[in-house]
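Below is one structure; the comments refer to it alone.
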2 protein chains.
Amino acid sequence: MEHYVVGIDLGGSKIAAALAAADGRILAQQRCATPVNGGAAAVLAAVAALVRRLLAEHGLAEADLGAAGLGVPGMVERESGLCRFSPNLFWHDVDIAGFWREHFACPLALDNDVRLGALAEQRWGAGRGARDLIFVALGTGIGSGLILGGEIYRGSRGLAGEFGHITVTRDGPRCNCGNRGCLEVYAAGPAIARRAREAMERAPESLLWRLAGGDTKKVTAELVSQAADQGDELARWLWEETGEYLGIGLATAATLLNPERIVLGGGVAQAGEKLLRPLKRTLAARTMTASGVTYPVVPAVLGSAAGVRGAVAAALKLCDRRGEGHGPGIPGTH
Amino acid sequence: MEHYVVGIDLGGSKIAAALAAADGRILAQQRCATPVNGGAAAVLAAVAALVRRLLAEHGLAEADLGAAGLGVPGMVERESGLCRFSPNLFWHDVDIAGFWREHFACPLALDNDVRLGALAEQRWGAGRGARDLIFVALGTGIGSGLILGGEIYRGSRGLAGEFGHITVTRDGPRCNCGNRGCLEVYAAGPAIARRAREAMERAPESLLWRLAGGDTKKVTAELVSQAADQGDELARWLWEETGEYLGIGLATAATLLNPERIVLGGGVAQAGEKLLRPLKRTLAARTMTASGVTYPVVPAVLGSAAGVRGAVAAALKLCDRRGEGHGPGIPGTH
């Protein structure tokens, strides 16, 4: 039977959903704001409404859905179908599988949003053809999705890929996670802004002061990017250092995992060459140069669509598995 | 048909081999010195002789062998069956698969020795029952074997798990690998001895001077262990610091891979609690304490037999796969 799937990317500010055909072709898309303040019930109701709207628009019934995929920005326990923790949604132990079963009959592939982004880049984007892939999302935080042996790798409790919280300096600043010297305290967007503010105090001549209107609170990673593009020395140095920290982190991940490719996504990656140059230089210098192996770093190509596309890919995988006789899917357990 | 398998652990100083039944039971063992100076041909001839001796001793013919496993201390390319590089054997591009085909008809499972140690610990040792496992061998170098999703993980070019060469300090000492601040320049046996020698210059009262007979060249990691056990402050501090560096490295690996368990083997791990205490403390402090996840660290139990046992396990896996209809094994390609 020809079936359709739905992919949903549940973000802290918006929910995006797409209806796709069995071959992965996107047929329709919908999005809405995330009613975070209404709590988990309101957010999940909005998800259900979005899915129904997509189906109705396309003249489909719920029975036409073979599976759905849902990406959540947080810690997801696939066995129980719970979202254990999502800082962006302010969620603790939300029963997503239970919600889904109440509303829909088709099985749900539930996963962390960055992992689904990795899956999408591997299937349709910059990671195509790579069996072992590290996808890094550089934004407000730093997450990663690992594709190992062609499949998403999640670890024993679904916590694998917390790339932002590996140690890059032994005695660095404290991180919210409890560690110190985490990659995230140097190279996430807010960390770049913080380092810029600290450095500005010692550089009264920096263009950053003018761009921020003399108010350090207005300094963002994007502003540091603008300043660097306009030739500001301090801002350029900040990107050099950011690239070096990211290069150290990626070198560590590559030394452990020997991936075929590294895909960089997220807003901070938009900084482009001024970030990529020091990053690639550091990565090359710190990955067993004697072995002659190099690690290609490529920019993500799916942008903000990666989450939805990955949710579609996860739903399609679920359909494939059922077709192969792995039994009927049980919502929340895939 | 009931079959037998042979497991071989090819080390820089000795070759160990074991004959095992289809259920993994070890029936006989043999070992000999590695004729490293004779070059690859002499070493491989010694391997073949050892296997034949095991068979003859047990009244078996070559046709009774279902498969063999061989662990090599170096970089192994399983597709081509080449050992690309082995610093311990002084090998470059040695065609192990070709050698095997010339001498034996059964298929060969070829792998890196630390990976086979990991497999053995997972099947019969301290890693039993764990699907996601990091096995670390602390010795002259620092290697690791990753078992992910129940299988050995090798990476895109067979280089995964180079745990000794992840960066633990940004500006640390140079490593032979080309990087600086690698874990191995702090926590491998020779690195511990080097750090001890450096520290002794500033500590004329240390017991280490007496134990080394006043000759810093005689300082080894084992001597530093003895000194610490006898209460020497400097030696104790050296183990504290070693444990901290290892804890940083393990925290990084755990944050990326979220293993169920970490197994520590190799000679340096014999230092015991004085190493494990700071290691576990650092690991706990640096692995997202907020998530509440803890990572059990357990000592390896198979000791120097892990290599041979792992080679047996790899050979058995090869037999299982053939039994499942994956076609006849082609030597050197498994």
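Observations
- When region B:204-221 is filtered for residues that are within 14 Å of B:ARG236 (Cα to Cα) and among the small types (Gly, Ala, Ser), the ones remaining, listed by number, are B:SER206, B:ALA221.
- Members of region A:293-334 that are crowded, with 20+ Cβ neighbours inside 10 Å, part of a loop (DSSP other than H, G, I, E, B) and at pLDDT 95 or above: A:TYR295, A:ALA300, A:LEU302
- Pairs with Cβ under 6 Å, 6+ apart, first in region A:22-42 and in contact (Cβ under 8 Å) with a residue 60 or more places away in the chain and within 22 Å of A:ALA315 (Cα to Cα), second part of a strand (DSSP E or B) and not hydroxyl-bearing (Ser, Thr, Tyr): A:ILE26/A:ALA18; A:ILE26/A:ALA20; A:GLN29/A:ALA18
- A:GLY143 satisfies every condition listed in (1) touching a strand residue (DSSP E or B) at 6+ places or on another chain (Cβ under 8 Å); (2) within 11 Å of chain B (Cβ to nearest Cβ) except (2).
- Some residue of region A:88-95 being under 30 Å from A:VAL168 (Cα atoms), at pLDDT below 95 and within 14 Å of another protein chain (Cβ to nearest Cβ): yes
- Residue check: A:GLY127 meets all listed conditions (1) assigned to a loop (DSSP other than H, G, I, E, B); (2) surrounded by fewer than 19 Cβ atoms within 10 Å (Cβ to Cβ) but one, namely (2).
- Residue list for region B:180-206, filter: of a type in the set (A, V, I, L, M), assigned to a loop (DSSP other than H, G, I, E, B) and in contact with a strand residue (DSSP E or B) (Cβ under 9 Å, 6 or more places away or on another chain): B:LEU183, B:ALA188
- Flag for B:GLY164 being farther than 23 Å from B:LEU316 by Cα and either free of Cβ contacts under 8 Å to residues at least 24 places away in the same chain or surrounded by 21 or more Cβ atoms within 10 Å (Cβ to Cβ) (or both): yes
- Scanning region A:83-101 for residues that are over 19 Å from the mean Cα position of the chain (by Cα) and free of Cβ contacts under 8 Å to residues at least 60 places away in the same chain turns up A:HIS92, A:ASP93, A:VAL94, A:ASP95, A:PHE99.
- Test: residue in region B:234-245 that is farther than 26 Å from A:GLY249 by Cβ, over 22 Å from the mean Cα position of the chain (by Cα) and among the aromatic types (Phe, Trp, Tyr): yes
- Single unsatisfied condition, B:ILE134 versus (1) of a type in the set (A, V, I, L, M, F, W, C); (2) within 30 Å of B:GLY24 (Cα to Cα); (3) at the interface with another protein chain (Cβ under 10 Å from one of its Cβ atoms); (4) not in a strand (DSSP E or B): (4)
- In region B:262-292, the qualifying residues are those that are surrounded by fewer than 19 Cβ atoms within 10 Å (Cβ to Cβ) and aliphatic (A, V, I, L, M), and the one that is farthest from B:ALA118 (Cα to Cα) is B:ALA290.
- Condition check for B:GLY98 on (1) more than 23 Å from B:ILE147 (Cα to Cα); (2) at pLDDT 95 or above; (3) in contact with a Leu (Cβ under 6 Å, 6 or more places away or on another chain): one failure, at (3).
- Residue in region A:102-115 that is among the acidic types (Asp, Glu), within 16 Å of the chain's Cα centre (by Cα), within 18 Å of A:ASP9 (Cβ to Cβ) and crowded, with 22+ Cβ neighbours inside 10 Å present: yes
- Selected residue (criterion: farthest from A:GLU151 (Cα to Cα)) from residues of region B:140-179 that are polar (S, T, N, Q) and not in a loop (DSSP other than H, G, I, E, B): B:THR167
- Residue in region A:252-265 that is more than 10 Å from chain B (Cβ to nearest Cβ) and touching an Asp or Glu at 6+ places or on another chain (Cβ under 9 Å) present: yes
- Test result for B:GLY178, at the interface with chain A (Cβ under 10 Å from one of its Cβ atoms), in contact with a helix residue (DSSP H, G or I) (Cβ under 8 Å, 6 or more places away or on another chain) and among the small types (Gly, Ala, Ser): yes
- Test for B:GLU184: is it within 17 Å of B:LEU264 (Cβ to Cβ) and either surrounded by fewer than 24 Cβ atoms within 10 Å (Cβ to Cβ) or within 10 Å of chain A (Cβ to nearest Cβ) (or both): no
The values are calculated or read from the model by the stated rules, or taken from the named source; none is laboratory data. Note that the structure is predicted; figures quoted are calculated from it, not measured. Virtual Cβ from ideal backbone geometry, glycine too; neighbours counted across all protein chains shown.
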